[in-house]
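Written below as structure tokens is the structure these notes are about.
The values are calculated or read from the model by the stated rules, or taken from the named source; none is laboratory data. All of these numbers come straight from a predicted model, not from anything done at the bench. Note: ideal-geometry Cβ built from the backbone for every residue, glycine included; neighbour counts use all protein chains shown. Just the protein is used for accessible areas: all its heavy atoms, side chains included, with ligands, DNA and RNA removed. Shrake-Rupley method; radii C 1.70, N 1.55, O 1.52, S 1.80 Å.
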2 protein chains.
Amino acid sequence: MRISEVAAKSGLSIDTIRYYEKSGLCPPIARGRDGTRQFTAENAEWLTLLSSLRDTGMPTKDMRHFAGLYQTGDATIPERKHLLLEHSRRLEARHETINRCKALLAHKLARYDRILGQSS
Amino acid sequence: MRISEVAAKSGLSIDTIRYYEKSGLCPPIARGRDGTRQFTAENAEWLTLLSSLRDTGMPTKDMRHFAGLYQTGDATIPERKHLLLEHSRRLEARHETINRCKALLAHKLARYDRILGQSS
DNA sequence: ATAGCGGGCTGGAGTAACTTCAGGTCAAGG
DNA sequence: CCTTGACCTGAAGTTACTCCAGCCCGCTAT
């Protein structure tokens, strides 16, 4: 698969994918004889997961750690599982944060409406 | 109110508060004769709102714009209302992103469990 | 066959939003 | 009087990208 296809699939930008490879967040990608990256389906799936983790706020050092475990092999699955469970908990926290913000916005918007109502 | 109190209240770090003042994200804070910042209750409330908006992913240029409107006065309330409504929609999108990620994590975790179950 | 595309490559500079640091002021306590 | 703690400033450092200049390669229209 070409880099542009993986970008479309994963939601990461082409530059970000190259950056991720350079900084060890994904395994080194095989190259064609012209130097272009040839992504396997597994590569693409991995980057899609990273994209999702990033978008939901996983710190990159965790991502880096996770990537290291992934490249080490199946023996690290218990630890990877632990990391993903931890992230699930972070998702709950984010969910809470969003709800609190929603409530705050509702409060502010109500106040704005009161002010606008008064002046008209 | 002292900066440390506002930091505790708002959830922003002391450094971030100073940075926000310097870059115009909050109105200039009054100073005591020793040069320390003396926050009003309104200042503190504003920073708390900014903290919440930041934590839920409002781009800082929007925050800057919003801050400009705030400092201009009540005439800008309709536009501020519009910005907050827009942010509400972004919150929904984030909510979706989190849910998609949850589903993905559940999928990965199930796969890990299958692998671990097999090998035991 | 050659000129112009489109897509990919690299190394390096630029950016956003903080964060950390060095060095200094001031008020209060022992 | 000296230290401690909270605060100040300007500047440098960090993270995670993002953009850019300059180059290669294969394709296709002339």
What do you reckon, is B:Gly11 at pLDDT below 95 and open to solvent by less than 60 Å² (accessible area, probe 1.4 Å)? no
Among helices (runs of 4 or more DSSP H) entirely within the range B:12-95, at least 2 residues that are in contact (Cβ under 8 Å) with a residue 40 or more places away in the chain and among the polar types (S, T, N, Q) occur in B:41-55
Could you check the range B:99-120 and list, in sequence order, the residues that are more than 10 Å from chain A (Cβ to nearest Cβ) and basic (Lys, Arg)? B:Arg114
For B:Glu96, are the conditions met, namely being within 14 Å of chain A (Cβ to nearest Cβ) and more than 17 Å from the chain's Cα centre (by Cα)? yes
Within the range A:65-80, is there a residue that is surrounded by 17 or more Cβ atoms within 10 Å (Cβ to Cβ), within 14 Å of DNA strand D (Cβ to nearest atom) and more than 19 Å from B:Asp55 (Cα to Cα)? yes
Name the residues in the range B:48-64 that are more than 11 Å from every other protein chain (Cβ to nearest Cβ), touching a helix residue (DSSP H, G or I) at 6+ places or on another chain (Cβ under 9 Å) and within 16 Å of DNA strand D (Cβ to nearest atom), would you? B:Thr60, B:Asp62
Residue check, A:Glu45 closer than 30 Å to B:Glu92 by Cβ and either away from every other protein chain (no Cβ under 14 Å) or open to solvent by less than 50 Å² (accessible area, probe 1.4 Å) (or both): no
Open to solvent by 10 Å² or more (accessible area, probe 1.4 Å), farther than 29 Å from A:Asp55 by Cα, among the basic types (Lys, Arg) and modelled with pLDDT of 95 or more, is that true of B:Arg37? yes
Just checking, which of A:Glu21, A:Glu5 is among the acidic types (Asp, Glu), open to solvent by 50 Å² or more (accessible area, probe 1.4 Å) and more than 9 Å from DNA strand D (Cβ to nearest atom)? A:Glu5
